[in-house]
Amino acid sequence: IDAWNDYVEESVRRRRERASLDMDVVIDFEDEYFFDWFYQKASPGGTWLDRQDPTRQFWSIYATVMMHGAFLYLAFSGLDWMFFFDKDYLKHPKFLKNQVFREILTAMGSIPVMSFLTAIVFWYEVRGFSKLYDNFERGVAYEVFSVAAFLIFTDFCIYWIHRFLHHPILYGPIHKQHHLWKVPTPWASHAFHPLDGFAQSTPYHVYAFVFPMNKLVYLGMFVFVNMWTISIHDGNFIAKNGVLNSAAHHSEHHLKFTCNYGQYFTFWDRLFGTHREPDFPNLNPRNAIKSAAAKAEKAG
């Protein structure tokens, strides 16, 4: 019993040390320039003045994830909309009335809930339970390897999560909301049910608890993931090499539903028989507009 108690105390001590070392770099910055001041004003009885206080950490993480998540969504979706999105899609026969407004409204309603669920996991990461580390002592080769491993691992997991979300039990109540946008815009990138968004983000969190990764690299991958998610909804078919799950592949998914479940690559779809090559003429909005006009003229 004494040996077990000693083991537990040592484990707790190590976690506390890791919590002080593994403080998320963003939270650490915001503690210095905002949260210290905020909790001096708002803390009940001064109990949240300690940066290591678990309750303070959770609410700081939640506020950070929600505000930064909303900023990344609005900023990068806005830039993509301005410079890359083909505005001819707005005339596409399958483009919904007030769709852009509805996409933004759905996303901004989901982000606070997704952020709360994400903050719970980040709290455990910040408290030292994950395998994130601070320095670059493992070398450049390992850091490059960790990025590749992160992409492959999360792509495989997201493939199956996404595919399961198309099961009739889950599709109607959860995933169908995202498929309202048959012709998506960059604003549709985060316009889904909050449980849908969180479910597809779980592999990113799982990776940090299973495989060692530098915290700055991990943070960079989260920014990249958000930018990638926006890019595959913008209808800009830059990548046509058949390896990347590009905007063209994802556009096929929004139109056909039962194909191209991958996030970054096409090889899981190819391996498990759900890959569909993009039909570029059919995806071209100008062709769809001409076809709809011809049908209307014929019917009239």
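The values are calculated or read from the model by the stated rules, or taken from the named source; none is laboratory data. Fair warning: this is a prediction, and the values are worked out from it, not measured in the lab. FYI the Cβ positions are ideal-geometry reconstructions off the backbone, even for glycines, and counts take in every protein chain you see. The accessibility values were calculated without ligands, DNA or RNA, using every heavy atom of the protein model including side chains. Shrake-Rupley method; radii C 1.70, N 1.55, O 1.52, S 1.80 Å.
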Over the chain: helical MRE at 222 nm, DSSP H runs n ≥ 4 each giving -39500 (n - 2.57), nearest 500: -20500 deg cm²/dmol
Karplus (6.51, -1.76, 1.60) ³J(HN,Hα), θ = phi - 60°, over the stretch 124-135, in Hz, Gly and Pro reported as x: 5, 5, 5, 7, x, 7, 8, 9, 6, 9, 8, 8
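If I take R0 = 22 Å and measure r between the Cβ atoms of residue 239 and residue 101 in this structure, what FRET efficiency does the formula 1/(1 + (r/R0)^6) give, to the nearest 0.05? Before the final figure, lay out the partial values.
On the way: r = 29 Å, r/R0 = 1.33.
E between residue 239 and residue 101, to the nearest 0.05, is 0.15.
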Rounded FRET efficiency, nearest 0.05, which uses the C-beta distance separating residue 166 from residue 211 and R0 of 22 Å: 0.20
Gaussian network model of the chain, springs between alpha carbon atoms under 10 Å - residue of 52, 40, 200 with greatest fluctuation: 40
Nearest 10 degrees, 0 to 90: helix 54-83 Cα axis against the chain principal axis: 30 degrees
Solvent exposure, largest accessible area first (probe 1.4 Å, DNA, RNA and ligands not counted), of 94, 298, 290: 298, 290, 94
In Hz, Karplus ³J(HN,Hα) per residue of the stretch 269-277 (6.51, -1.76, 1.60; θ = phi - 60°; x = Gly, Pro): 5, 5, 5, 9, x, 10, 7, 9, 5
Calculated from backbone phi, Karplus (6.51, -1.76, 1.60) coupling profile of the stretch 225-238 in Hz, x at Gly/Pro: 4, 5, 5, 5, 4, 5, 5, 7, 10, 9, x, 9, 8, 6
Amide proton proximity set for residue 214, modelled H, under 5 Å, gap of 5+: 133
Virtual spin-label span in nm between residue 120 and residue 94, 7 Å along Cα→Cβ: 3.5 nm
Spatially near lysine pairs across the chain, Cα under 21 Å, sequence gap of 8 or more or different chains: 29
Nonlocal amide H pairs with residue 265, under 5 Å, H built at 1.01 Å: 245
Helix axis angle, 194-210 relative to the chain longest principal axis, alpha carbon, degrees: 50 degrees
Most positive-pole-ward Cα, 123, 146, 108, against dipole of the chain from beta carbon charges: 108
Between helix 140-164 and the chain: long-axis angle, C-alpha atoms, 0 to 90°, nearest 10: 60 degrees
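With all protein chains present and a 1.4 Å probe, how do 268, 59, 160, 37 order by accessible area, largest first?
37, 59, 160, 268
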